[in-house]
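The values are calculated or read from the model by the stated rules, or taken from the named source; none is laboratory data. Only a predicted model underlies this, so the values are computations on that prediction, with no experimental measurement involved. Heads up, the Cβs are rebuilt from the backbone with ideal geometry, glycines too, and the neighbour counts pull from every protein chain shown.
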Amino acid sequence: MKKLITTISNIWKIEELKERILFTFLILLIYRFVSHVVMPGVNPSALGNTTKSGLLGLLDMFAGGSFSRVSILALGVMPYISASIVVQLLGVAVPSFQKMQKEGASGQKKMDQITRYLTVLITIVQSIGYVKTQVPVEAILMPVTLFYILSVIVLTAGTLFVMWLGEKITDKGIGNGVSLIIMIGIIARLPVALSQEFSDKVGASSTGGGPVALVIETVALFAVVMFTILIVQGVRKVPVQYAKKIVGNRQFGGVRQYIPLKVNAAGVMPIIFAQALMFIPGALTSFVPSLQGSWLIQFSNPVSLAYSLTFAILIILFTFFYTAITVNPVQMSDDMKKNGGFIPGIKPGLATSTFIDDVISKITFPGAIFLAIIAILPSIAVKFGIKQEFAQFFGGTSLLILVGVVLDTLQQIESYLLMRHYDGLMKTGRISGRAGVPAASSNAVL
């Protein structure tokens, strides 16, 4: 406790860090306030049951509940994340985008601009689909055509506003802005989930279990969080030796460094892609009533064995796919060779890229297995009698985002402390960064 109090006091002694933290809290407070503003022309009392599941539930989680509330920020940052993913994939497949990636700051600025334009286009398309499918006609208080036009403008402006807030946090606050906005939306659901679980176990409407079951669930959640941190932080260090150069009386190079290859280089993207595919059976049974009694219904139930196995297999496949397109061993080998570096015992060039590719393949498989286990843990938690809302924090996208963003933010705080010659946040070791949902900005999202 004394160490914690000392660390907090050291944080507030650094004026710049204190201002950045307060600025971040202010922006997040503004975001949460605006996310409760309902779109103009909508009667909130006529919306009915707003609970979302499947892919829509994932979108609602990323938007902090704004999606189900028909808020002016209903689409949140998802169009921006989608645009960022598209731009990153283009950077792998299109030579002109690869050239921009190699141009440094100027190239990154061009890609940021392309991402913003693409965000506007994606938001317009998604907003049209949103108002047509998620807003019932009986809840509209104005002419339908006028409402659709106004809603597209408002939702597009809302997404751009959220994106602007995220960029302000990144520039003047602490941590990655877009990631923190998503994280605060997820955390906002935690009090409700906890109250529901408490009422279910020890409240007046208790269905059994009592305080002992609640304690066991808390211990299990703590263990899952520790396990997730282990996966997010896990790296395979590949030693790299740099050649020694003597220039005048000074020596350059001649030191050994490490390339940290992450066990989970794909972040949460495999889960997001897999969830998008698992949404298809449910959509088919909704649009084709004759299929509701078929075998497809098993794949639309998140707690069924067929759903969990298929979901896990898809996550493993997408982990290998996404790692393959985002981690380039050939480029890593070329950069190493240009800087006079080599892996001890491995020839520079093709042999080095082959070695790195082999290491990545070996560590990606256990990483994919662990990621699949984390993804299906909420379904297992529901099987053990945990309420659906609280079970979402036992794994899946929400837990990975929470752990990743918290670690990334703590890493930045620790760097400020170490630069001012204070102790870090931990007695031993240092907090490592993590990879996640890509963004076009220089800071990775999630």
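Could you tell me whether the range 366-379 includes any residue that is outside any helix (DSSP H, G or I) and among the polar types (S, T, N, Q)?
no
Among the listed residues 120, 92, identify the single one that is within 23 Å of the chain's Cα centre (by Cα) and at pLDDT below 90.
92
Please give the helices (runs of 4 or more DSSP H) falling wholly within the range 95-201 in which 2 or more residues are of a type in the set (Val, Ile, Thr).
105-134, 144-172, 177-187
Identify the single condition in (1) closer than 30 Å to residue 387 by Cα; (2) at pLDDT 85 or above; (3) hydroxyl-bearing (Ser, Thr, Tyr) that residue 300 does not satisfy, given that it satisfies every other one.
(2)
Here is a yes/no grid of residues against (1) surrounded by fewer than 14 Cβ atoms within 10 Å (Cβ to Cβ); (2) of a type in the set (Gly, Ala, Ser); (3) at pLDDT 80 or above:
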site: 201; (1), (2), (3): no, no, no
site: 210; (1), (2), (3): yes, yes, no
site: 214; (1), (2), (3): no, no, yes
site: 218; (1), (2), (3): yes, no, yes
site: 228; (1), (2), (3): no, no, yes
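Tell me the strands (runs of 3 or more DSSP E) entirely within the range 239-295 that contain at least 2 residues that are over 30 Å from residue 325 (Cα atoms) and either modelled with pLDDT of 65 or more or not aliphatic (A, V, I, L, M) (or both).
Result: 244-247, 250-253.
Could you list, in sequence order, all residues of the range 18-50 that are assigned to a helix (DSSP H, G or I), over 26 Å from the mean Cα position of the chain (by Cα) and at pLDDT 85 or above?
None; the set is empty.
Restricting to the range 356-372, give me the number of residues that are crowded, with 17+ Cβ neighbours inside 10 Å and touching a residue at least 40 places away in the same chain (Cβ under 8 Å).
9
For the range 314-322, state whether one or more residues are among the aliphatic types (A, V, I, L, M), surrounded by fewer than 17 Cβ atoms within 10 Å (Cβ to Cβ) and under 30 Å from residue 221 (Cβ atoms).
yes
Within the range 311-330, can you find the residues that are more than 17 Å from residue 93 (Cβ to Cβ), out of contact with any helix residue (DSSP H, G or I) (no Cβ under 6 Å at 6 or more places or on another chain) and of a type in the set (Val, Ile, Thr)?
Matches in the range 311-330: 313 only.
Looking at the range 140-149, can you tell me whether even one residue there is surrounded by 15 or more Cβ atoms within 10 Å (Cβ to Cβ) and in contact with a strand residue (DSSP E or B) (Cβ under 7 Å, 6 or more places away or on another chain)? Don't jump to the end; show me each part of the working.
Just the residues of the range 140-149 that are surrounded by 15 or more Cβ atoms within 10 Å (Cβ to Cβ), to begin with: 140, 147-148.
From what's left, in contact with a strand residue (DSSP E or B) (Cβ under 7 Å, 6 or more places away or on another chain): 140, 147.
Within the range 140-149, one or more residues are surrounded by 15 or more Cβ atoms within 10 Å (Cβ to Cβ) and in contact with a strand residue (DSSP E or B) (Cβ under 7 Å, 6 or more places away or on another chain).
Residue check: is residue 134 within 30 Å of residue 391 (Cα to Cα) and surrounded by fewer than 19 Cβ atoms within 10 Å (Cβ to Cβ)?
yes
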